[in-house]
1. Once you have a ≥ b ≥ c as the square roots of the Cα gyration tensor eigenvalues for the chain, tell me rounded if a/c is under 1.5, and otherwise prolate or oblate according to whether a/b is larger than b/c.
2. So, in the chain, how many Lys pairs have Cα atoms under 16 Å apart, if the pair is 8 or more places apart or on different chains?
3. Modelling each spin label as a point 7 Å along the Cα-to-Cβ direction, I'd like the Arg204/Thr191 distance in nm, to one decimal.
4. What residues qualify as long-range amide H neighbours of Thr187, i.e. H under 5 Å apart, gap of 5 or more or another chain, H built at 1.01 Å from N?
5. Once both labels are modelled 7 Å past Cα along the beta-carbon direction, what's the Thr170-Ser153 spacing in nm?
6. Given R₀ = 30 Å, what would the calculated FRET efficiency be for Thr74 paired with Ile184, taking r from the Cβ atoms and rounding to 0.05?
7. How many percent of all Cα-Cα pairs in the range 92-141 sit more than 18 Å apart?
8. Among Leu63, Ala90, Thr191, flag the residue with its Cα farthest along the positive direction of the charge dipole of the chain, charges on Cβ as +1 for Lys/Arg and -1 for Asp/Glu.
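Laboratory data are not the source of any read-out in this text; all were calculated from the coordinates shown. Remember, predicted model here, so these are calculated numbers, not experimental data. Here the Cβ positions follow ideal geometry from the backbone for every residue, glycine too, while neighbour counts run over all protein chains shown.
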Amino acid sequence: MDGPAAAGKTTTSLRLAERFGFSYLESGRAYRVLAYEALRSDIEPDDPSAMIELCARMVRNNLSVLLGLDRYDTGELRSAEVGRAVSLVARISELRLRVTNCLRAWAKGNSRSIVEGRDIGTVVFPAAPLKFYLTAKPETRAARRVAQENSGSYKQVLDDVLRRDHADMTRSVSPLKPAPDAIIIDTTDLTVDQVIDRMSAHCREAGLVEA
Ligand code: CDP
C-alpha cells in the first residue's frame, strides 16, 4: 500500500488487515524512528555516514525497535520536528537499502501481510501479488489529518503535506510513484467503507479469503 502523506493508508490498511487476517507494518515508522533518534543524539539527519552508523547500531540491537514496533509512542514520532527531519533521512540511499532489508526480514516471518509506505510496490516488494496506490487531493488529506490527529492548524498541516509530497516525489532514490501494476484509488470523494469495499473486492478476485 503506497501513497502520499495522509492519503488514508494506515486506516484502510488496518481495516483490511483485520478483515483478511493479515499482519500489518507501517514502514514510515522506521524512517521516523531514525529521524527521532538522530534528533535525540545530535546527529544531523542529512549526514549519510552518521545516519548509516545509527541505523546499523539499531539493527544490531533490536529489529523491532528500529521498525517502531515497540518503545515509541505515535505522538513523539509524529512531531513537526520529526516530520521535517524524516524527509532528509529518507533521501539517503544506503540507509533506504538497510531499512528495505529490515522490512524484508520482517516479511519473512509474516508472509500474509500488508505493508504501507512510499516504495513498497516499486522497490521493497516488487513481486507483491496485490498493490494499491492510495491518493486524494492535498486539501482533503490535510483536512482529514487535522480531524484525526489534532496536530496543528489546517494551514500548517497542508503546508507539511505539500512539502512532503514534493520531497517524496522528487527525490532521486525510490521516489514516490505508483508501481506499473498498482491499483490506483483516489479517495477524495470516497468514504473509508467505500475504499475498503473496493479493496476487498480486489483481494477476493486475487483469491484471498476473508478471515
Ligand atoms: O503517515 P504519513 O503519510 O504522514 O507518513 P509516514 O508513512 O509516517 O512516512 C513519513 C516519511 O517517511 C515520508 O514522508 C517519507 O519521506 C518516508 N518514507 C519513505 O521514504 N519510504 C517509505 N516506505 C515510508 C516512508
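1. oblate
2. Pairs that pass both the separation and distance tests number 6.
3. 1.9
4. Those lying under 5 Å, H to H, from Thr187 are Thr135, Ala136.
5. Reported label-point gap for Thr170 and Ser153 is 2.5 nm.
6. Between Thr74 and Ile184 the formula returns 0.65.
7. Roughly 38 percent, once rounded to a whole number.
8. Going by the charge dipole, the pick is Leu63.
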